[in-house]
1. Counting only residues that are surrounded by 17 or more Cβ atoms within 10 Å (Cβ to Cβ) and of a type outside the set (Ser, Thr, Tyr), give me the strands (runs of 3 or more DSSP E) lying completely in the range 421-473 with at least 3 of them.
2. Taking strands (runs of 3 or more DSSP E) that fall entirely within the range 137-208, which contain at least 3 residues that are modelled with pLDDT of 90 or more and under 14 Å from the mean Cα position of the chain (by Cα)?
3. I'd like the residue in the range 386-401 that is buried (at least 22 other Cβ atoms within 10 Å of the Cβ) and touching a residue at least 40 places away in the same chain (Cβ under 8 Å) and, out of all such residues, is nearest to LEU473 (Cα to Cα).
4. Any residue at all in the range 253-264 that is of a type in the set (S, T, N, Q), in contact (Cβ under 8 Å) with a residue 12 or more places away in the chain and surrounded by fewer than 22 Cβ atoms within 10 Å (Cβ to Cβ)?
5. How do the pairs read when you match residues in the range 279-294 that are under 16 Å from LEU149 (Cα atoms) with residues anywhere that are open to solvent by 10 Å² or more (accessible area, probe 1.4 Å) and part of a loop (DSSP other than H, G, I, E, B), using Cβ under 6 Å and keeping only pairs 6 or more apart or on different chains?
6. Can you tell me which residue is nearest to GLU362 (Cα to Cα) among those in the range 406-418 that are outside any helix (DSSP H, G or I) and open to solvent by 20 Å² or more (accessible area, probe 1.4 Å)?
7. Could you grab me the full set of residues in the range 413-434 that are out of contact with any strand residue (DSSP E or B) (no Cβ under 7 Å at 6 or more places or on another chain) and closer than 20 Å to GLN306 by Cα?
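The values are calculated or read from the model by the stated rules, or taken from the named source; none is laboratory data. Values in this document were obtained by computation on a predicted structure and should not be read as measured data. Backbone-built Cβ (ideal geometry, glycine too); neighbour counts: all protein chains shown. All accessible areas refer to the heavy atoms of the entire protein, side chains included, with ligands and DNA or RNA removed. Shrake-Rupley method; radii C 1.70, N 1.55, O 1.52, S 1.80 Å.
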Amino acid sequence: MPDKEQNKQSSQNDFMIEKIKTRPVNRRKLIRRTIITVVMAVIFGTVACVTFLILEPVISNRLYPEEEPQVQPVTFPEDQEEMSPEDMLAENIPSESPSPASPSTSPSPVLPPEETESTLTEEQVREILAGMKLGVEDYAQLYNILLELVYEDELNEDGSSYRAALSQHIVTIRGVTSNIDWFDDIQESSNQASGVIVADNGLELLILVDYSSLESAESLVLDLGDGAYRIDVGLKGVDKDTNLAIVAVEQSRLPAEYLETGGLAVATLGSSIGSRLVGTPVIALGSPLGVSGSIGFGMITSADTQLTGPDRNYRLLLTDISGSRNAEGVLFNLNGQVIGIITDNRLDNGMENMINAYGITELRRIIEKLSNNNAFAYMGITGTDVPQYVHNELGVPYGAYVTRVERDSPAMLAGIQVGDVITAMNGGSIMSYSSYCSQLMRLEPGQTVQLTVRRQSQGEYREMDFSIEAGEL
């Protein structure tokens with residue numbers, strides 16, 4: 001019995017002194033878990049970064065919205081040299097000489113010779129010119145000065161440019177068309193036209209171009225750097241009368257070097273009217289000789305030719321610059337201003353190779369309409385001015401003399417007839433056909449136009465009023 005108790009006690013002592021062994025480390029399992037943890041951390045970090053990059057701009061724009069640049073409407077100031085029809089007539093109509101008995105008229109005092117302003121006589125001018133001997137070097141220097149105007153900027157003393165080179169206003173627009181040949185290869189054909197940068201609406205540069213060679217193209221591109229850059233441009237609008245168009249290129253798509261160095265510049269529109277326009281030296285840029293980048297030097301030889309059409313009146317500037325029948329481009333004066341857009345509109349005067357241009361003054365409102373994508377108001381009236389001798393001898397009142405009314409036009413449906421003289425529009429005086437065209441260009445389709453007309457009846461001109469809703473050209 002004692003032995004059993006002793007054995008039992010011994011077994012209990014053995015149990016109490018038994019060691020608890022630590023569980024062995026599974027190295028493979030530990031390494032696998034470590035790798036999984038690291039991979040999951042990398043994936044989580046990547047997802048977090050991508051999510052932040054995607055959502056950060058959205059959240060920032062919501063919290064701090066930035067004002068997006070807005071398209072600014074294109075407007076051109078009135079031609080400062082443009083005279084009102086009344087002033088034009090006053091200039092052409094000789095004023096009545098004052099009566100000798102008029103008390104308000106007194107003869108101007110005659111100053112003695114020593115008090116008169118010294119002026120050179122014609123003989124003195126001839127003597128001075130005869131004493132000047134010009135050589136070939138002087139002739140070459142004149143052309144070098146003109147070339148500097150075309151290719152070099154004029155700088156201020158601090159180095160900042162204040163007049164861009166004329167070449168920076170001219171660009172090449174290419175019309176591209178794709179064709180498939182017999183071997184199913186795509187072949188591209190293209191035509192090009194020279195354009196001038198006329199405006200900047202805040203987002204785009206607007207380019208005026210002759211659309212004749214581009215109208216059949218599938219797409220339009222702007223060529224920069226002799227074809228190194230080809231940038232898509234969009235068509236804003238086309239004027240069917242002149243076949244001029246405005247195309248737009250987004251400034252964000254232009255190469256940085258052209259924006260930083262001023263490689264492209266908006267041209268300044270000058271004036272194509274005035275009594276001293278004839279004889280004005282001009283520079284033809286674009287493709288006046290039918291080749292892109294060609295140049296022509298000359299002067300305005302005539303500015304009296306008027307081209308009329310339905311609701312339109314254009315001044316045609318004739319030059320002594322010999323060019324191509326397919327000439328395109330711009331006429332600049334020596335102040336660097338655009339005064340004409342070259343056209344292929346030729347006159348039957350035996351001077352088919354001389355370059356002609358539409359006067360820029362008559363195109364200002366058309367360029368505005370095209371740039372802002374606005375429609376043209378339409379009445380369907382073709383007319384002319386009333387000359388002074390017709391007014392004096394036949395008693396025809398001054399105004400827009402109607403020579404043609406388009407069939408089914410708003411004017412015809414309202415009752416306007418050939419021979420009517422338009423003397424007022426919406427309360428404003430009309431003294432010439434160009435005045436009528438200018439005022440109509442400021443209207444929108446659908447607007448009601450109040451016309452005052454003088455119509456001949458029983459030997460006299462009687463006044464009539466018409467209310468016409470302008471159509472859309």
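1. Strands (runs of 3 or more DSSP E) meeting the threshold: 421-425, 448-457.
2. In the range 137-208, the matching strands (runs of 3 or more DSSP E) lie at 170-180, 186-200.
3. Among those residues, the one meeting the criterion is GLY399.
4. No, every residue in the range 253-264 fails to be of a type in the set (S, T, N, Q), in contact (Cβ under 8 Å) with a residue 12 or more places away in the chain and surrounded by fewer than 22 Cβ atoms within 10 Å (Cβ to Cβ).
5. PRO281/LEU334
6. Applying the filter and picking the extreme gives GLU406.
7. MET431
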